[in-house]
1. Would you point out which residue out of 50, 44 is among the aromatic types (Phe, Trp, Tyr), touching a helix residue (DSSP H, G or I) at 6+ places or on another chain (Cβ under 8 Å) and at pLDDT 95 or above?
2. Of the residues that sit in the stretch 51-80 and are acidic (Asp, Glu) and over 15 Å from residue 17 (Cα atoms), which one is surrounded by the most Cβ atoms within 10 Å (Cβ to Cβ)?
3. Taking into account only those residues within the stretch 1-29 that are acidic (Asp, Glu) and at pLDDT below 95, which is farthest from residue 77 (Cα to Cα)?
4. So which strands (runs of 3 or more DSSP E) stay within the chain end to end and still have 3 or more residues that are touching a residue at least 12 places away in the same chain (Cβ under 8 Å)?
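The values are calculated or read from the model by the stated rules, or taken from the named source; none is laboratory data. Remember, it's a predicted structure, so these values are computed and weren't measured experimentally. Note that each Cβ is placed from the backbone with ideal geometry, even for glycine, and that neighbours are counted across all protein chains shown.
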Amino acid sequence: MRIADKDPFPKRVFAAHSECDTTAEISGIEELQKVSVPNRFNFFRIPRHFGVSHASLVLKDPISKLGETMEKANPQFQEMMEAIAAIG
């Protein structure tokens with residue numbers, strides 16, 4: 001049975017994903033959105049030009065070691081947190 005053949009997914013969803021993510025496909029989020037109740041699905045999509053990787057999505061601050069940046073911070077982190085809070 002395909003996901004589209006089922007009843008709409010009724011749970012509240014907040015999904016954040018970057019178009020630059022090469023670890024997890026954004027298509028999975030898009031498919032879930034298609035079968036979710038529209039007013040219960042919040043998709044925070046980070047445009048490719050921000051260059052946010054999979055690991056950086058959840059980072060408010062960069063991760064550094066010995067002065068070298070290992071993972072960049074998500075420049076959209078504050079906006080993402082505000083979007084979560086707005087669901088309330």
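1. Details: 50 fails: touching a helix residue (DSSP H, G or I) at 6+ places or on another chain (Cβ under 8 Å).
Of the residues listed, the single one that is among the aromatic types (Phe, Trp, Tyr), touching a helix residue (DSSP H, G or I) at 6+ places or on another chain (Cβ under 8 Å) and at pLDDT 95 or above is 44.
2. Looking only at the stretch 51-80, we keep the residues that are acidic (Asp, Glu), and these are 61, 68, 71, 79.
Of the ones still in play, those that are also over 15 Å from residue 17 (Cα atoms) are 61, 68, 71.
Numbers: 61: 10, 68: 7, 71: 17.
Result: 71.
3. In the first step, residues of the stretch 1-29 are kept if they are acidic (Asp, Glu); the result is 5, 7, 19, 21, 25.
With the extra rule that they be at pLDDT below 95, the set shrinks to 5, 7, 25.
Working: 5: 35, 7: 33, 25: 20 Å.
Among those that are acidic (Asp, Glu) and at pLDDT below 95, it is 5.
4. Values: elements: 13-18, 41-46, 63-65, 68-71.
Output list reads 13-18, 41-46.
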